[in-house]
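What follows is a short report on a single structure.
The values are calculated or read from the model by the stated rules, or taken from the named source; none is laboratory data. Here the structure is a predicted model, which means the values were calculated and not measured. Cβ coordinates were reconstructed from backbone atoms using ideal geometry, including for glycine residues, and neighbour counts include every protein chain displayed. What goes into the accessible areas is simple: the full protein's heavy atoms, side chains included, and nothing from ligands, DNA or RNA. Shrake-Rupley method; radii C 1.70, N 1.55, O 1.52, S 1.80 Å.
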There are 2 protein chains.
Amino acid sequence: MFLSTTTNNLDAKGRISVPSDFRAVVGDGGFDGIVVWPSFDGDYLEGGGIALLENYMRSLETMDHYDEGRMALQRAIFAESRKLAFDGGGRVTLPRELADYAGLNGTATFVGLGPRFEIWNSKKYESHIGDVRRLARENRNRLVSLKRAGGQA
Amino acid sequence: MFLSTTTNNLDAKGRISVPSDFRAVVGDGGFDGIVVWPSFDGDYLEGGGIALLENYMRSLETMDHYDEGRMALQRAIFAESRKLAFDGGGRVTLPRELADYAGLNGTATFVGLGPRFEIWNSKKYESHIGDVRRLARENRNRLVSLKRAGGQA
DNA sequence: TTGTATCCCATAAATTCCCATGTTATCCCA
DNA sequence: TGGGATAACATGGGAATTTATGGGATACAA
């Protein structure tokens, strides 16, 4: 599970350290790295381990072959995804088109969201997170009912 | 279940002993430690075992993927949480931003609340607990009716 | 060649691990 | 039911390891 938020440097070669917590999560799937694609919800990147993409593939298989949504998801996620391997220091090299899409320069912010994570321009994320906190507070009552449904600690 | 209230020292390295009762509770989920995040409700921290976050994750997955509130909750909870592993002595290192958020220095107070717990600035908690007692007294009748409706105790 | 992608090495800072110690709680046995 | 032995806990300090990060050197391709 991807947790927490970390801001790391993006160097002149396009390299960035993946937070060590995140590296520990993606140790499965036989690929030592992460998978990243441009979000279709905004100008940031989404990513996860290879296992996440395999899950997506399995759920797509349950959808109708000519379902518009299915095809859109396939194109938006699979076609746009890049496999990024870790170097000896736990970094990946972010292809320029991905960095450009998310407006990344100097630093980038990894945001853990449970099963997947996002990579944001650090400044944009800071201005975005305020709204998120407000919305979360407004929706807190829905989480309380989840707590009741959800078992032990 | 997290019970009782304990005040422990927060040392210069940001380390603090997790009460041994609490450590016994979080032995599940394959992670030997706790998860802590800043409360939505005030300047203190909330925490629990990794299993609590996994429940949140499962429950959020049952909600509509494009629900604004769902996404806000996901961002606010997972992105703000930190996994804190126990050291050999049963302590965790509290990241500076969490300690700052809760105004912790010198000591901190762990408050067991059943499925989760809170971490407070000890002084603040002492002044807070007075209000809590008053509220509990005012709501005593509601607890009695619960007892009649429910099972034991 | 020129830009790009890999790989290797170096280093400062942060984090984790390990050991020591005083204190408190628990156990055991006469 | 007194202790006294034993174990568990909270806590401090230092050593060892891991991280994050920068800078070459090398190989490849446009």
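For this structure, a couple of remarks:
- Here the Karplus relation 6.51 cos²θ - 1.76 cosθ + 1.60, evaluated at θ = phi - 60°, turns the backbone of the stretch A:16-32 into coupling constants of 8, 6, 7, x, 4, 4, 5, 4, 5, 6, 8, x, 9, x, x, 10, 8 Hz, with x for every Gly and Pro.
- Rolling a 1.4 Å probe over the protein chains gives B:Trp37 an accessible area of about 10 Å².
- Sequence-distant residues sharing a close amide H with A:Phe86 (under 5 Å, placed H): A:Gly33, A:Ile34
- Karplus-derived HN-Hα couplings along the stretch B:103-119 (A = 6.51, B = -1.76, C = 1.60, θ = phi - 60°), whole Hz, x at Gly and Pro: x, 8, 7, x, 9, 8, 10, 8, 10, x, 10, x, x, 9, 9, 10, 10
- Residue list for the stretch A:40-58, given a label point 7 angstrom along the Cα-to-Cβ vector of A:Ala79 and an amide N cut-off under 15 Å: A:40
- Using a 7 Å Cα-to-Cβ projection, A:Glu54 label spacings across copies, nm, ascending: 1.8
- Plainly put, the tip 7 Å out from Cα toward Cβ on A:Arg75 is 2.7 nm from that tip on each other copy, the closest given first.
- Rounded accessible area of A:His65 (nearest 10 Å², 1.4 Å probe): 110 Å²
- Stokes-Einstein D in µm²/s, Kirkwood radius over Cα pairs - the protein assembly as shown at 37 °C with 0.692 mPa s viscosity: 155 µm²/s
- The A-B contact accounts for roughly 2900 square angstrom of buried accessible surface, both chains included, probe 1.4 angstrom.
- For the protein assembly as shown, with all protein chains in place and a probe radius of 1.4 Å, 49% of the accessible heavy-atom surface sits on carbon or sulfur.
- Size of electric dipole in the protein assembly as shown: Cβ of Lys, Arg +1 and of Asp, Glu -1, about Cα centre, debye, nearest 20: 1220 debye
- 21 Å tail of the calculated P(r), the stretch A:5-122, as % of Cα pairs: 35 percent
- Net length available on complete extension from B:Ser39 to B:Thr62 is 5.9 nm, with 0.36 nm assigned per residue and the Cα-Cα distance removed.
- Listed residues A:Phe40, A:Phe22 arranged by accessible area, highest first, probe 1.4 Å: A:Phe40, A:Phe22
- For B:Asp28, inter-copy label distances in nm, listed shortest first [label point 7 Å out on the Cα-Cβ vector]: 1.9
- Note that the protein assembly as shown presents 53 Å² accessible area per residue, ligands and nucleic acids not counted, probe 1.4 Å.
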